[in-house]
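J.: To start, I am sharing the structure in question, which I have written as structure tokens.
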């Protein structure tokens with residue numbers, strides 16, 4: 001039986017060097033639909049890319065702000081704080097209570113006494129809206145060598161009803177000598193007690209015996225329990241404020257509390 005002949009590859013490739021594909025004819029209406037579809041696809045992807053770039057730009061900007069320290073305003077922290085044993089300034093029924101933990105050799109406490117407390121007194125305390133309490137928080141001797149002696153002396157002055165007079169005079173005398181931490185000696189304290197007209201026998205006995213050490217220690221323990229670790233630290237109806245902040249800051253908080 002004779003074999004059937006098939007065309008060789010050479011013969012096939014000679015006659016067919018390429019494959020011809022015939023596309024269907026497209027009319028104008030179909031062309032318009034295809035163009036419109038391609039346009040919609042282009043617009044979609046363009047919008048997607050724009051939105052993507054905008055998102056990452058905003059993300060980068062947010063991260064940049066955070067790294068520069070511009071953080072969102074934190075929720076204020078509130079604590080239950082007692083007024084202590086020293087006499088208050090202001091009316092006992094005032095709506096707002098400010099408690100200050102302070103150090104009588106502290107520069108920033110002195111700045112608060114000089115710049116801010118007089119304004120609080122004028123605008124709020126004298127009007128019966130705020131009462132102000134002082135609590136002892138003498139910093140370590142390595143920082144303020146006279147802080148503890150001054151606290152002891154102020155307690156002895158209070159024994160004769162003159163705590164606030166001693167408080168004001170101690171800051172005044174240091175302020176007269178300039179900025180920074182001012183050295184204070186026992187002779188300075190004695191001189192100030194004389195200026196205030198205190199009974200020297202009673203004052204000297206009280207001061208040298210460190211009669212009120214336990215009271216001062218109790219104030220410090222109470223302060224540490226509510227996160228006091230520097231002076232001055234304030235509690236305005238329990239809201240903590242750290243440092244000698246501007247009067248405007250304290251005024252804002254007082255006004256908020258008065259509206260409640």
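J.: Are there any helices (runs of 4 or more DSSP H) wholly within region 119-235 with 2 or more residues that are closer than 20 Å to residue 100 by Cβ, modelled with pLDDT of 95 or more and in the same structural domain as residue 246 (by TED's automatic domain parsing), and if so which?
T.: Ranges flagged: 147-159, 163-175, 213-225.
J.: Among the residues of region 98-118, what is the count of those that are in contact with a strand residue (DSSP E or B) (Cβ under 9 Å, 6 or more places away or on another chain), part of a helix (DSSP H, G or I) and either at positive phi or touching a residue at least 24 places away in the same chain (Cβ under 8 Å) (or both)?
T.: Final tally of qualifying residues: 3.
J.: A further question on this structure: Out of everything in region 144-187 that is without any contact (Cβ under 8 Å) to a residue 40 or more places away in the chain and in contact with a helix residue (DSSP H, G or I) (Cβ under 8 Å, 6 or more places away or on another chain), what residue ends up being surrounded by the most Cβ atoms within 10 Å (Cβ to Cβ)?
T.: Among those residues, the one meeting the criterion is 166.
J.: In addition: Looking only at residues in region 236-256 that are crowded, with 18+ Cβ neighbours inside 10 Å and part of a helix (DSSP H, G or I), which one is farthest from the chain's Cα centre (by Cα)?
T.: 254
The values are calculated or read from the model by the stated rules, or taken from the named source; none is laboratory data. Remember, it's a predicted structure, so these values are computed and weren't measured experimentally. Please note: Cβ atoms are built from the backbone with ideal geometry, for glycine as well, and neighbour counts cover all protein chains shown.
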